[in-house]
Each structure stands twice: as structure tokens, then as C-alpha cells.
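The values are calculated or read from the model by the stated rules, or taken from the named source; none is laboratory data. A quick note: this is a predicted structure, and the numbers were derived from the prediction, not measured. Backbone-built Cβ (ideal geometry, glycine too); neighbour counts: all protein chains shown. Side chains included, ligands, DNA and RNA excluded: accessible areas come from the protein's heavy atoms. Shrake-Rupley method; radii C 1.70, N 1.55, O 1.52, S 1.80 Å.
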Amino acid sequence: MNLFKEPIHYDDPLLRIQVLSFNSMKICQDGWHFHPQIEIIAVRSGRMEIHTPAEIYHLQAGDVLILGSCQPHLDLRKQNEVVDYVALQFELEAFFDSNMLPYLYLFQESMLPLVELNTLFKENSELRQQFYSTVIELQLEHQQRQRGYELAINYLVKKCIFLLLRHDNLGLLGPSRSINDSNLKPVFDYVEAELSNKISAQQACHLVNFSYTYFLKYFKQIMGISFTDYVIHRRIKYAERLLLTEDLSIAEIAELVGLPNISHFYKLFKRLHQCSPKSFKDTMIARTHETTGMGSMITTE
């Protein structure tokens, strides 16, 4: 099988989702291909087939399909038959807020090939209808781009995640422990209090009376990410808030969020947002001015 890595181009690096709408009678698209992002397909009219190495999915109007990260697949339609469908391609991690992190590990391909979640749509027509409607609403928000559409898209991606969790009657996603039941609250409080300072896994271990090795394993099991990545996530979220609410230089913000090496700060920020801190600030301020009619903006490095 010859596999093509399909490139994903985000219109907005701050909103890491590609929303595509097709109305096509093309027989085959790109041959066998894959992409690191999750893909969700919703068919508005017509019929098409999605082939994976393990199964063929026959889709028609009102059907939806989930393809996991790096899932090889092939899109097929009958000759001269028009198919109208929507495809969403996005990085799941980009839409998980801090309070959602305990659920992130449930959607890792190492835990469950996400293509198996399509069984839920076969078993539950109500879920399929709600999921389909959510995807179509997201596509319309992206197309119309009215004020606040970014918030709507963020909400609708989260709604898709919620629908899968709430309607997983087959237990495919497994049980998830809440943060409150995980004994980790002292660790979260410690991290939030020390975002401007050094944060050590050893101190976190002491707070919950775990051994170092067990703590790291337990934290990742509960949160779906490592302790180090969690701390980075919280520091960058703090940096976002400072960028948008305080008149500080990038160097000052890097210092305040505990990442005084500015090149390292830039690298970590760009890893999360695919843009520099200054670009993030400029873009967010520009959006505010566009929606409030406030004219030109002033930005600082």
C-alpha cells in the first residue's frame, strides 16, 4: 500500500482545525492517505465509501465517521454521483482545557483505535443524529465567521467529545476518574501557586506521599499527559493571560511564568500555538478591534 501524508493547512494557527466542505463527483481522492490529525466526516447528501485496512464504511446522508490520528484510509464515490460532505481535521489536544485533561488519555490511539468509536453510531441513532448536527453547525460557523465564531467552534468540538463520552454505553472509552478522586489536588494547588518559580516533581511526590516513579506513572494515568507537560501547559496558559491583560514585554512574561530562558519560552509557546507569543497577542487584539470597530492597534515586542 502506497501511503500519502496529506498536509493540513490551518487558516488560523490559533484555531487548529481545518474545516472542509466538498460537493464532488470525483471517483477517488488522493489514494491511500493519512494525517496526524483526527478526521470527522459528515455526509449531507449522496453516498460514499471510506476504506481502512480493516473495514469498509458505507456512508450516506446523515452519517458520520471518525478516523483516528495517522489512520490510513481511502475515499471512494461512485462515478458521476455527487457527494456533499464535510470533513473536520484537527489536533484533539488543542481543544482540551485544563479541566478536561483527565479525559485526554481515553482518546489516545494507544488506548483505543478511535475508528472503533464508529460502533457507537451504529448502535445509537440519537447519538449519530446529534453528532451529525454538531459537525454541520461547526461547518456553518466556520463558513459564516460571524463575531465569536472561534468560541462556537471551540465549543462544538468539545460537544463532539462530550457526546462520545456521554453515550459510550459500550464502555469503549473506559472509566475515567475525576480529579477530585485522584488524590492529586495538592499537586494542582502547588503548581498553580508556583507558576513563577521552579516546580519539581520531587516536591509534588512529597505532597501526596508517593514514590517518584509511582507518582509519574500515576499522574500520567490520571491526566493523560506527563507531569512535565502539565506544568508546561499551565505556564503557557498563564502566559496567554498575561499577554492579553498586562502591558509587559515578552521577556518579562517569560520570567513571570517561570521560563526565563526566552528562546525556550518561545519554543514551548509555539509548540502549543503554532505561532510566537507576539503573533498570538497581535492576532487576538486585532480580532477585538475588528469586532468592536476600534481602529488601529498598538503592539509591543
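Sort through Glu116, Glu137, Glu109 and tell me the only one that's touching a Gly at 6+ places or on another chain (Cβ under 7 Å), open to solvent by 60 Å² or more (accessible area, probe 1.4 Å), outside any strand (DSSP E or B) and not hydroxyl-bearing (Ser, Thr, Tyr).
Numbers: Glu116 fails: touching a Gly at 6+ places or on another chain (Cβ under 7 Å); Glu137 fails: touching a Gly at 6+ places or on another chain (Cβ under 7 Å).
Matching residue, one of Glu116, Glu137, Glu109: Glu109.
Of everything in region 1-18 that's of a type in the set (A, V, I, L, M) and out of contact with any strand residue (DSSP E or B) (no Cβ under 6 Å at 6 or more places or on another chain), which residue is modelled with the lowest pLDDT? Spell out how you get there, then give the answer.
Residues of region 1-18 that are of a type in the set (A, V, I, L, M), as a first pass: 1, 3, 8, 14-15, 17.
From what's left, out of contact with any strand residue (DSSP E or B) (no Cβ under 6 Å at 6 or more places or on another chain): 14-15.
Working: Leu14: 75, Leu15: 86.
So, considering only residues that are of a type in the set (A, V, I, L, M) and out of contact with any strand residue (DSSP E or B) (no Cβ under 6 Å at 6 or more places or on another chain), the one modelled with the lowest pLDDT is Leu14.
Restricting the first residue to region 183-201 and requiring it to be more than 14 Å from Leu216 (Cα to Cα) and in contact (Cβ under 8 Å) with a residue 40 or more places away in the chain, which pairs with a second residue that is in a helix (DSSP H, G or I) and open to solvent by 70 Å² or more (accessible area, probe 1.4 Å) meet a Cβ separation below 8 Å and a spacing of at least six or different chains?
Short answer, once both residue conditions are applied: Ser196/Glu255.
Only one residue in Phe280, Phe269, Phe265 is modelled with pLDDT of 90 or more, crowded, with 16+ Cβ neighbours inside 10 Å and closer than 19 Å to Glu150 by Cβ. Which one? Let's see the steps before the verdict.
Details: Phe280 fails: modelled with pLDDT of 90 or more; Phe265 fails: closer than 19 Å to Glu150 by Cβ.
Just one listed residue meets the conditions, Phe269.
Restricting to region 128-155, name every residue that is within 18 Å of Asn169 (Cβ to Cβ) and in contact with a helix residue (DSSP H, G or I) (Cβ under 6 Å, 6 or more places away or on another chain).
Here is the first cut: in region 128-155, the residues within 18 Å of Asn169 (Cβ to Cβ) are 128-131.
Once the filter is applied, which keeps residues that are within 18 Å of Asn169 (Cβ to Cβ) and in contact with a helix residue (DSSP H, G or I) (Cβ under 6 Å, 6 or more places away or on another chain), region 128-155 yields Arg128, Gln130, Phe131.
Against the condition among the hydrophobic types (A, V, I, L, M, F, W, C), within 19 Å of Leu106 (Cα to Cα) and in contact with a Pro (Cβ under 7 Å, 6 or more places away or on another chain), how does Ile222 come out, does it pass? Give the derivation first.
On the way: among the hydrophobic types (A, V, I, L, M, F, W, C): yes; within 19 Å of Leu106 (Cα to Cα): yes; in contact with a Pro (Cβ under 7 Å, 6 or more places away or on another chain): yes.
Yes: the conditions hold for Ile222.
Looking only at residues in region 141-163 that are open to solvent by less than 20 Å² (accessible area, probe 1.4 Å) and in contact with a Phe, Trp or Tyr (Cβ under 7 Å, 6 or more places away or on another chain), which one is nearest to Asp11 (Cα to Cα)?
Ranking the qualifying residues of region 141-163, first place goes to Val157.
Ala54 is checked against (1) outside any strand (DSSP E or B); (2) closer than 30 Å to Tyr230 by Cα; (3) hydrophobic (A, V, I, L, M, F, W, C) and fails just one. What number does that condition carry?
Going through the list (1) outside any strand (DSSP E or B); (2) closer than 30 Å to Tyr230 by Cα; (3) hydrophobic (A, V, I, L, M, F, W, C), Ala54 breaks only (2).
Of the numbered conditions (1) at pLDDT 95 or above; (2) more than 17 Å from Phe95 (Cβ to Cβ), Leu164 fails exactly one; give the number of that condition.
Leu164 satisfies all of (1) at pLDDT 95 or above; (2) more than 17 Å from Phe95 (Cβ to Cβ) except (2).
Six or more apart or on different chains, Cβ atoms under 8 Å: show the pairs whose first residue is in region 21-41 and farther than 26 Å from Gln144 by Cβ and modelled with pLDDT of 80 or more and whose second is surrounded by fewer than 18 Cβ atoms within 10 Å (Cβ to Cβ) and of a type in the set (S, T, N, Q).
Listed pairs, sorted by first residue: Trp32/Asn2; Pro36/Ser69.
Quick check on region 119-134: of everything there that is surrounded by 15 or more Cβ atoms within 10 Å (Cβ to Cβ) and within 24 Å of Thr52 (Cα to Cα), which residue is nearest to the chain's Cα centre (by Cα)?
Phe131
If you take the residues of region 42-95 that are open to solvent by 40 Å² or more (accessible area, probe 1.4 Å) and of a type in the set (A, V, I, L, M, F, W, C), which of them is farthest from Ser133 (Cα to Cα)?
Ala54
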